[in-house]
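The values are calculated or read from the model by the stated rules, or taken from the named source; none is laboratory data. Since the structure is predicted, the reported quantities are computational estimates derived from the model, not experimental observations. Here the Cβ positions follow ideal geometry from the backbone for every residue, glycine too, while neighbour counts run over all protein chains shown. All accessible areas refer to the heavy atoms of the entire protein, side chains included, with ligands and DNA or RNA removed. Shrake-Rupley method; radii C 1.70, N 1.55, O 1.52, S 1.80 Å.
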Amino acid sequence: MSSRNQRFFELEVLVVVANTDLGPFPGELVDELQELNKTVYPVDTGGSRYVGGDEAFPSLLEMPTRPKAQGVMVDLPRHRLDDVVDEMQELQLRHLWLLRPASPKTLVRCSELGLEVY
């Protein structure tokens, strides 16, 4: 039986969200996920058009719809996380992996929305 965290990595289509205005994009993470044969959509809320040679999207709402994303990994400060949660709700995405801590308020909201937070 796989652990809860391992189940996240059973998802095939993942999104990595960061902001290059606030720091470097976690390109190594994107590379590692691609090496695991995952489809990865980089989302740069800072506006970069490319991350490590891959097209980056300004928001979850502007990603391609096929293949549909299944999980979202976020490397943003806690005050920028709520916008991502709103977009996840709109797209009915339920799996959120946080690379930085979230505020207690955001974690309660995620629970209320039925998001699985890793």
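Residue under question is A102, and the condition is that it be free of Cβ contacts under 8 Å to residues at least 60 places away in the same chain, out of contact with any helix residue (DSSP H, G or I) (no Cβ under 8 Å at 6 or more places or on another chain), surrounded by 20 or more Cβ atoms within 10 Å (Cβ to Cβ) and under 19 Å from L22 (Cβ atoms); does it hold?
On the way: free of Cβ contacts under 8 Å to residues at least 60 places away in the same chain: yes; out of contact with any helix residue (DSSP H, G or I) (no Cβ under 8 Å at 6 or more places or on another chain): no; surrounded by 20 or more Cβ atoms within 10 Å (Cβ to Cβ): yes; under 19 Å from L22 (Cβ atoms): yes.
Answer is no for this residue.
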Exercise. Report, ordered by the first and then the second residue, all pairs with beta carbons closer than 6 Å, sequence separation of six or more or different chains, a first member in the range 46-73 that is under 12 Å from V17 (Cα atoms), and a second member that is among the β-branched types (V, I, T) and open to solvent by 20 Å² or more (accessible area, probe 1.4 Å).
Key: G46/T20; S48/T20
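Give V117, V72, V84 a once-over and let me know the one that is surrounded by 12 or more Cβ atoms within 10 Å (Cβ to Cβ) and in contact with a Cys (Cβ under 6 Å, 6 or more places away or on another chain).
Values: V72 fails: in contact with a Cys (Cβ under 6 Å, 6 or more places away or on another chain); V84 fails: in contact with a Cys (Cβ under 6 Å, 6 or more places away or on another chain).
Result: V117 is the single residue among V117, V72, V84 that is surrounded by 12 or more Cβ atoms within 10 Å (Cβ to Cβ) and in contact with a Cys (Cβ under 6 Å, 6 or more places away or on another chain).
Can you confirm whether V51 is over 16 Å from L98 (Cβ atoms), at pLDDT 95 or above and open to solvent by less than 50 Å² (accessible area, probe 1.4 Å)?
Working: over 16 Å from L98 (Cβ atoms): yes; at pLDDT 95 or above: no; open to solvent by less than 50 Å² (accessible area, probe 1.4 Å): yes.
No; evaluated as a whole, the condition is false for this residue.
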Quiz item: Which members of the range 69-86 meet the condition of being in contact with a strand residue (DSSP E or B) (Cβ under 7 Å, 6 or more places away or on another chain) and more than 10 Å from T106 (Cβ to Cβ)?
Solution: A69, Q70, G71, V72, M73, V74, D75, L76
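If you take the residues in the range 5-48 that are among the charged types (D, E, K, R) and under 18 Å from H79 (Cα atoms), which one is least open to solvent (accessible area, probe 1.4 Å)? Let's see the steps before the verdict.
Residues of the range 5-48 that are among the charged types (D, E, K, R), as a first pass: 7, 10, 12, 21, 28, 31-32, 35, 38, 44.
Then drop every residue that is not under 18 Å from H79 (Cα atoms), which leaves 21, 44.
Values: D21: 118, D44: 0 Å².
Residue satisfying both the conditions and the ranking: D44.
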